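Down below is the structure, laid out as structure tokens.
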């Protein structure tokens, strides 16, 4: 009987050790430096990676996973902005939540045109919103842009900027009939 109890305790201890090692390996994955911060941001945006929370401000990506917060510096020369064009419904937002923000128009195609203050065309293409209804963009930092978004005869032109402290979540572009 004693041998059976000791065997059962040994099995439980082995299982606990394996569990601790697996959890520790998962935690270490979140603290490694990413090979490409853009890929990491994209993976959270499209749910390839999961976390309790992942948000992005003008300087860093902040990920909360397994009760740990990890921050990743963004590129010095590029600014992340996520835009949710809408027709009827929106929400107020300033700092984009990669794991929580939802826009009205998911998986839709939009004609997007972005020009800087010198008249240089930065984007002129058809882009598809993600499952969350947002269009993720990386733009040069420290500039002001005119952005025009069109879909199905509705459009809107707005101004966005990419300076430190600027919003990374734009939910104010309501598409209207011209």
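A count restricted to the stretch 140-178 and to residues that are assigned to a loop (DSSP other than H, G, I, E, B), more than 19 Å from the chain's Cα centre (by Cα) and loosely packed, with under 15 Cβ neighbours inside 10 Å stands at 4.
Taking the stated definitions as given, is residue 70 in a loop (DSSP other than H, G, I, E, B) and surrounded by 14 or more Cβ atoms within 10 Å (Cβ to Cβ)? Spell out the reasoning first.
On the way: in a loop (DSSP other than H, G, I, E, B): no; surrounded by 14 or more Cβ atoms within 10 Å (Cβ to Cβ): yes.
The answer is no for residue 70.
Please determine, by comparing only the residues of the stretch 110-139 that are part of a strand (DSSP E or B) and in contact (Cβ under 8 Å) with a residue 60 or more places away in the chain, which one is farthest from residue 74 (Cα to Cα).
Of all residues in the stretch 110-139, those part of a strand (DSSP E or B) come to 110-116, 121-128, 135-139.
Filter again for in contact (Cβ under 8 Å) with a residue 60 or more places away in the chain, leaving 136, 138-139.
Working: 136: 14, 138: 10, 139: 12 Å.
It comes out as 136.
Within the stretch 39-50, the set of residues being touching a residue at least 24 places away in the same chain (Cβ under 8 Å) and farther than 19 Å from residue 168 by Cα comprises 50 only.
Taking the stretch 40-57 on its own, how many of its residues are buried (at least 19 other Cβ atoms within 10 Å of the Cβ) and not in a loop (DSSP other than H, G, I, E, B)? Working first, answer last.
Initially, the stretch 40-57 is screened for residues buried (at least 19 other Cβ atoms within 10 Å of the Cβ), giving 40-41, 44-45, 49, 54-57.
Adding the requirement that they be not in a loop (DSSP other than H, G, I, E, B) leaves 40-41, 44-45, 54-56.
Counting residues in the stretch 40-57 that are buried (at least 19 other Cβ atoms within 10 Å of the Cβ) and not in a loop (DSSP other than H, G, I, E, B) gives 7.
Here residue 108 passes the criteria (1) outside the structural domain of residue 146 (by TED's automatic domain parsing); (2) over 17 Å from the mean Cα position of the chain (by Cα) except the one numbered (1).
Could you please let me know if residue 80 is modelled with pLDDT of 95 or more, within 22 Å of residue 144 (Cα to Cα), in a strand (DSSP E or B) and touching a helix residue (DSSP H, G or I) at 6+ places or on another chain (Cβ under 9 Å)? Answer is yes for this residue.
The values are calculated or read from the model by the stated rules, or taken from the named source; none is laboratory data. Values in this document were obtained by computation on a predicted structure and should not be read as measured data. Counting neighbours? That spans all protein chains shown, and the Cβs are built from the backbone with ideal geometry, glycine included.
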